[in-house]
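One structure is given below, encoded as structure tokens.
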Amino acid sequence: MMNKKSLEIYVHIPFCSRKCAYCDFLSFPGNERTQRDYTEKLIEEIEYQSAFAKEYQVVSVFIGGGTPSILKTEDMEAVLNALNTHFDILPDAEITMEANPGTLTQEALLSYRKAGVNRISMGLQSADDKELRYLGRIHTYDEFLKSYQRVRMAGFDNVNVDLISAIPGQTVDSWKNTLKKVTMLKPEHISAYSLIIEEGTPYYDRYGDHVEMESYSMTKEERKRLMALPDLPDEDSEREMYYLTQEFLMEQGYERYEISNYSKKGYECRHNIGYWTGIEYLGLGLGASSYMNGCRFHNTTDLSDYRNASFDEDEGFTQALRQELERLSIEEKMEEYMFLGLRLTNGVSAHDFVSNFGQNIRNVYGQVLDKLEREGLMEFKDGYYKLTSHGIDVSNYAMSQFLL
């Protein structure tokens, strides 16, 4: 029997109830008909793309968005069944689905479990209702608690909660309160990110270094509310939140295994670890990115083009979907391997570097490794090069040194 290569699958569901003011993801509201049409095209793509993955076995699936749980239950069932039918998914594969509070019913959760989903990732962001309103979230903390209870009652024993710090009006005390409330629920995994003001979002209008407003489709009242948002925490408060996150979560039994991710032992997100360690991945759906056979590419980000993609001509569907096909050079592969691998607290294996590239890591990066060690940003331990605690704090600088 042929030894199959490992593959991860990402499925993008772009729809959400309302786009949050800080969000720069490819997401937007969509009516029931639009969602149904998209689901049908996505299932066509799943069947078509599976023909190019016969030599792979799927080790993880991540269904993200948008808000995947916004789809009708029967539509999500159809997507999951199509994946199970057309791909060789390992029996113990990690299958994650993102969900927002307020969009989860008990019936839907039981359906997801039956179709193979074994990990739920919930977008809470804050346990403070005022902060949730500032973010533009559609739920309250109480609604999150009810959804979390439904997830547990449906039998899910692997749950992630997403949190964001340094948001408008937040204080160190309110952030600590969020951490306390969430850890009391004992989720297996917590993703804790610091807010980044992304260009092209309403938040950039409010907090970016410019004066003119972008042309968003907002009413005057919505613009007024946006500009009335409180200021962001100052830099000292943001750093205090950052260090508090590490200390508090570690005290509560969560191990930091990546710059922004913490888990109970054995509950690290396998899908993300695969991405950070160089496992190939196939993206399905609008705008989804892929990396297979040394090539990086992504699907069209135009919903109309995606929905109108056709199978009628050879390769026609692929050409309509795949954008910016790029074959990576060996140098680019090495750079990416270091950028992603150093996000993990375990770091990069010197042995695996040789296995992947046929070269000793010191022959390629010896001077950089020595420089970062002298600066106290890097250490070598048990065969792994990894960032020190201070190195993680200035990870953008440290990683930039690995550009060849």
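Work through the residues other than Met378 whose Cβ is under 12 Å from its Cβ and net out their charges, Lys, Arg +1 and Asp, Glu -1.
0
At 1.4 Å probe radius, can you tell me the per residue accessible area of the chain in Å²?
Value for the chain: 48 Å² per residue.
Could I have the simple spin-label model distance between Lys5 and Glu331, label points 7 Å from Cα toward Cβ, reported in nm to one decimal?
For the pair Lys5/Glu331, the computed spacing is 2.4 nm.
Could you identify which residue out of Ile273, Ile392, Ile330 has the top mean-square fluctuation in a GNM of the chain using Cα springs shorter than 10 Å?
Highest fluctuation of the listed residues: Ile330.
With both partners inside the chain, how many of the DSSP beta bridges are antiparallel, as a percent to the nearest 5?
Once the DSSP bridges in the chain are tallied, antiparallel ones form about 40 percent.
Take the chain, connect every pair of alpha-carbon atoms lying under 10 Å apart with a spring to form a Gaussian network, then pick out the residue of Lys220, Lys333, Lys41 with the largest mean-square fluctuation.
So, out of Lys220, Lys333, Lys41, the one fluctuating most is Lys220.
Rounded to the nearest 0.05, what FRET efficiency do Ser260 and Lys220 give with R0 = 30 Å and r taken as the Cβ-Cβ distance? Could you check?
0.25
With θ taken as phi - 60° and the coefficients 6.51, -1.76 and 1.60, list the Karplus ³J(HN,Hα) couplings across segment 296-303 in order, rounded to whole Hz; mark glycine and proline as x.
10, 7, 9, 6, 4, 9, 9, 4
Not counting ligands, DNA or RNA, and with a 1.4 Å probe, what is His271's accessible surface area in Å² rounded to the nearest 10?
Only protein atoms counted, so the area is about 20 Å².
Quick query: amide H of Tyr10 versus all other amide H atoms, modeled in the peptide plane; which residues come in under 5 Å with a sequence gap of 5 or more or a different chain?
Those qualifying (amide H under 5 Å, at least 5 residues apart or on another chain) are Phe62, Leu282, Gly283, Leu284.
Counting each DSSP H run of 4 or more residues in the chain as -39500 (n - 2.57), what helix-only mean residue ellipticity at 222 nm follows after dividing by all residues, to the nearest 500 deg cm²/dmol?
Calculated mean residue ellipticity at 222 nm is -12500 deg cm²/dmol.
Order of 129-137, 81-89 by packing, highest average Cβ count within 10 Å first?
129-137, 81-89
Cut-off 10 angstrom, C-alpha nodes, Gaussian network model of the chain. Which of Leu163, Leu372, Leu124 fluctuates the most?
Leu372
Which residues does the label zone of Phe25 cover in segment 151-172, counting backbone N under 15 Å from a point 7 Å along Cα→Cβ?
160-164
Per the 1.4 Å probe, what fraction of the accessible area of the chain, in percent, lies on carbon and sulfur atoms?
Taking all protein chains in place, the chain shows 47 percent carbon and sulfur surface.
No other cysteine beta carbon under 4.7 Å away is the test; run it over the chain and list who passes.
Singleton cysteines: Cys16, Cys269, Cys295.
The values are calculated or read from the model by the stated rules, or taken from the named source; none is laboratory data. This structure is a prediction, so every number in the text was calculated from the model and none was measured. Virtual Cβ from ideal backbone geometry, glycine too; neighbours counted across all protein chains shown. Only protein heavy atoms, including side chains, enter the accessible area calculation; ligands, DNA and RNA are left aside. Shrake-Rupley method; radii C 1.70, N 1.55, O 1.52, S 1.80 Å.
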